[in-house]
Amino acid sequence: MTSTFLWTLIAIQIAMGAFDTFYHHELTERLAWRRSQRHELQLHSVRNTLYALLFLTLGWLEVRGFWAMIVIAVLVVEVVVTLMDFVEEDLSRKLPASERINHTLLALNYGAILVLLLPVLIEWAGQPAAIEPAFHGFWSILATIAAIGAGLGGLRDLAAAKRFARLNIAAVSGLAGELPGRQTILVTGATGFIGSRLVAGLTDAGHQVIALVRNPAKADSLRPPITLLTSLDQLPADAKIDAIVNLAGEPIGNGLWTEAKRREIVDSRIVMTDDVIRLIARLERRPAVLVSGSAIGCHELCDAWERAASRATEHGVRVVYLRIGLVVGTEGGLLTRMLTPFEFGLGGPMGSGQQWMSWIERDDLVRLIVHALAKPDISGPINATAPIPVRNMKFSEELGRRLHRPAVFRIPAALLHHVAGDFADELLLGGQRVIPNKALSTGFVFRHETLRSAFEAIL
């Protein structure tokens, strides 16, 4: 098999596959830490193993007769596994546009490879069985490197799929136990990292949830029974709503904080909060309370968001501004972006490492939201952070300890600013030491006061 064109197509396939693995699977989608992707990871493991065998065979051998038929069978199995993977992806997650495009190009290029490769293999299959060594120069070396990479990737995916059995799975029971009776709660941002867990806790406790979602396809992850909305205008004026939790908005940690991104972050929250206020104004029976998400560290965003929510008081609604710290969980938030580099031993402090990180474990945050709903004497701002904030260096040490990895690779502040812009300056490098005095004084009890306790619960 000496066709330079065929080997060029194989090299392109290798490059696109590597990009898909590193950029999508590891960096942006973080599949290795998403429990919902266990079956996808298993399929990736099988496919990568097949690729490793194919690369080594094509790079160093010419197989004839029975052995050529085995290679043809492996190619067929790879196609079947890939189709199963496509189905699994569509069922379990929403692929970003770049990943869909990359998959299309991979499929087209693979089809071209098969058009050129199968006639050669079929010809070899008609010959007496034999395995003959072959060397194709640079292409053999490239095939070997690709085989090693695919093999390691397969082992990594298999280990990640098996790891989910060891990770702690916290039950949702008890998250909303403080809220009495059977109430109807409107939740915006219901499919998000925090909102989805809140919805699960509320429905488990027997409350009726009205979930506002931007993308109905993502609502499949929500636990029934719920009422789905794509617009607040769909609610009639006589709708019975006891409370509203407003968590919707463009994700803060998703992408670079350019000026356009900053405007989108602010505008999305202000627009949604304005919609919530208009809903309250036209309801015949006003909700008792509005808990509106806010954040520590983003002063411009917090001020604008809280000013917009404060107008609910004009309609007799109690308003709580939840100033949320860095939320710790494996399914979203800042921690998920740190897991992969730390897992590969490349984690460490950010900048000087002396900046404070005021954090909160996700289930504690959900319980605090419910606490704010249930306590009529709570109003105004309330810090949603654990009682014991830590410096970034301590955060890195604890994460490395829990993952059994070193945490010595310090990330320079200049690099973080270049990559993440103002997001890095305000949330990663600036830091604030925030104490949840109001939450504690109103009787809220944190399950995870220390970072070590939180990591042991989720990792």
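The values are calculated or read from the model by the stated rules, or taken from the named source; none is laboratory data. This is a predicted model, so every value here is computed, not measured. Ideal geometry is used to build each Cβ from the backbone, glycine not excepted, and the neighbour counts take in all protein chains shown. The accessibility values were calculated without ligands, DNA or RNA, using every heavy atom of the protein model including side chains. Shrake-Rupley method; radii C 1.70, N 1.55, O 1.52, S 1.80 Å.
Could we say that Ile70 is assigned to a helix (DSSP H, G or I), of a type in the set (Val, Ile, Thr), on the phi < 0 side of the Ramachandran plot and out of contact with any Leu (no Cβ under 6 Å at 6 or more places or on another chain) here?
yes
Name the residue that is surrounded by the fewest Cβ atoms within 10 Å (Cβ to Cβ), counting only residues in region 377-417 that are among the polar types (S, T, N, Q) and touching a residue at least 60 places away in the same chain (Cβ under 8 Å).
Going through region 377-417, the residues among the polar types (S, T, N, Q) turn out to be 379, 383, 385, 392, 396.
Then drop every residue that is not touching a residue at least 60 places away in the same chain (Cβ under 8 Å), which leaves 379, 383, 385.
Details: Ser379: 16, Asn383: 24, Thr385: 27.
My answer is Ser379.
Checking Asp425 against (1) open to solvent by 80 Å² or more (accessible area, probe 1.4 Å); (2) at pLDDT below 75: exactly one of these is not met. Which one?
The number of the failed condition is (1).
Outside any strand (DSSP E or B), open to solvent by 20 Å² or more (accessible area, probe 1.4 Å) and within 28 Å of Arg286 (Cα to Cα): is that true of Arg337 in this structure?
Spelling it out, it is not the case that Arg337 is outside any strand (DSSP E or B), open to solvent by 20 Å² or more (accessible area, probe 1.4 Å) and within 28 Å of Arg286 (Cα to Cα).
Of all the residues that make up region 428-456, how many are open to solvent by less than 30 Å² (accessible area, probe 1.4 Å) and in a helix (DSSP H, G or I)?
Residues in region 428-456 being open to solvent by less than 30 Å² (accessible area, probe 1.4 Å) and in a helix (DSSP H, G or I): 5 in total.
Could you look through region 205-220, keep only residues that are aliphatic (A, V, I, L, M) and within 16 Å of Val172 (Cα to Cα), and pick out the one that is most open to solvent (accessible area, probe 1.4 Å)?
The first filter runs over region 205-220 and keeps only residues aliphatic (A, V, I, L, M), leaving 205, 209-213, 217, 219.
When the remaining residues are screened for being within 16 Å of Val172 (Cα to Cα), the result is 205, 209.
Details: Ala205: 46, Val209: 0 Å².
Applying the filter and picking the extreme gives Ala205.
Select from region 299-312 the residues that are in contact (Cβ under 8 Å) with a residue 60 or more places away in the chain and crowded, with 22+ Cβ neighbours inside 10 Å and list them in ascending order.
Ala309
If I ask for residues that are hydrophobic (A, V, I, L, M, F, W, C) and in a loop (DSSP other than H, G, I, E, B), which ones from region 287-330 would you list? First the steps, then the outcome.
First pass over region 287-330, keeping only residues hydrophobic (A, V, I, L, M, F, W, C): 288-291, 295-296, 298, 301-302, 304-305, 308-309, 312, 317, 319-320, 322, 324, 326-328.
Hits for region 287-330 are Ala288, Ile296, Cys298, Val317.
Specify which of the listed residues (Thr188, Thr104, Thr144) is over 25 Å from Leu9 (Cα atoms) and among the polar types (S, T, N, Q). Write out each step before concluding.
On the way: Thr104 fails: over 25 Å from Leu9 (Cα atoms); Thr144 fails: over 25 Å from Leu9 (Cα atoms).
Going through Thr188, Thr104, Thr144 in turn, the sole match is Thr188.
Looking at Ser292, Ser310 in this structure, which one is among the polar types (S, T, N, Q) and closer than 22 Å to Ile210 by Cβ?
Numbers: Ser310 fails: closer than 22 Å to Ile210 by Cβ.
One residue alone meets the criteria, Ser292.
Looking only at residues in region 422-441 that are in contact with a strand residue (DSSP E or B) (Cβ under 8 Å, 6 or more places away or on another chain) and polar (S, T, N, Q), which one is nearest to Lys261 (Cα to Cα)?
Gln432
Exactly one of (1) modelled with pLDDT under 95; (2) surrounded by fewer than 17 Cβ atoms within 10 Å (Cβ to Cβ) is unmet by His24. Its number?
Just one mismatch for His24, condition (2).
Residues to consider are Arg223, Arg182; find the one that is basic (Lys, Arg), surrounded by fewer than 18 Cβ atoms within 10 Å (Cβ to Cβ) and either part of a helix (DSSP H, G or I) or at pLDDT below 90 (or both). Please lay out each step first, then the result.
Working: Arg182 fails: either part of a helix (DSSP H, G or I) or at pLDDT below 90 (or both).
Of the residues listed, the single one that is basic (Lys, Arg), surrounded by fewer than 18 Cβ atoms within 10 Å (Cβ to Cβ) and either part of a helix (DSSP H, G or I) or at pLDDT below 90 (or both) is Arg223.
Any residue in region 75-95 that is closer than 15 Å to Asp20 by Cα, of a type in the set (Asp, Glu), open to solvent by less than 70 Å² (accessible area, probe 1.4 Å) and touching a His at 6+ places or on another chain (Cβ under 6 Å)?
No, the conditions are met nowhere in region 75-95.
Hey, among Ala52, Ala15, Ala107, Ala32, which residue is open to solvent by less than 10 Å² (accessible area, probe 1.4 Å) and either part of a helix (DSSP H, G or I) or under 20 Å from Ala159 (Cβ atoms) (or both)? Please lay out each step first, then the result.
On the way: Ala52 fails: open to solvent by less than 10 Å² (accessible area, probe 1.4 Å); Ala15 fails: open to solvent by less than 10 Å² (accessible area, probe 1.4 Å); Ala107 fails: open to solvent by less than 10 Å² (accessible area, probe 1.4 Å).
Being open to solvent by less than 10 Å² (accessible area, probe 1.4 Å) and either part of a helix (DSSP H, G or I) or under 20 Å from Ala159 (Cβ atoms) (or both) holds for just one of Ala52, Ala15, Ala107, Ala32, which is Ala32.
Given the criteria charged (D, E, K, R), farther than 18 Å from Ala150 by Cβ and assigned to a helix (DSSP H, G or I), does Glu88 qualify? Walk me through how you get there before you give the answer.
On the way: charged (D, E, K, R): yes; farther than 18 Å from Ala150 by Cβ: yes; assigned to a helix (DSSP H, G or I): yes.
Yes: the conditions hold for Glu88.
Condition first: closer than 30 Å to Thr184 by Cβ and of a type in the set (Phe, Trp, Tyr). Can you find one or more residues in region 350-367 that meet it? Break it down stepwise before answering.
Filtering region 350-367 for residues closer than 30 Å to Thr184 by Cβ gives 360-367.
Keeping just the survivors that are of a type in the set (Phe, Trp, Tyr) gives none.
Within region 350-367, none of the residues are closer than 30 Å to Thr184 by Cβ and of a type in the set (Phe, Trp, Tyr).
Got a number for residues in region 55-74 being open to solvent by 70 Å² or more (accessible area, probe 1.4 Å) and either touching a helix residue (DSSP H, G or I) at 6+ places or on another chain (Cβ under 7 Å) or aliphatic (A, V, I, L, M) (or both)? Spell out the reasoning first.
First, the residues of region 55-74 that are open to solvent by 70 Å² or more (accessible area, probe 1.4 Å): 56, 60, 66-67, 69.
Checking which are either touching a helix residue (DSSP H, G or I) at 6+ places or on another chain (Cβ under 7 Å) or aliphatic (A, V, I, L, M) (or both) leaves us with 56, 60, 69.
Here the count works out to 3.
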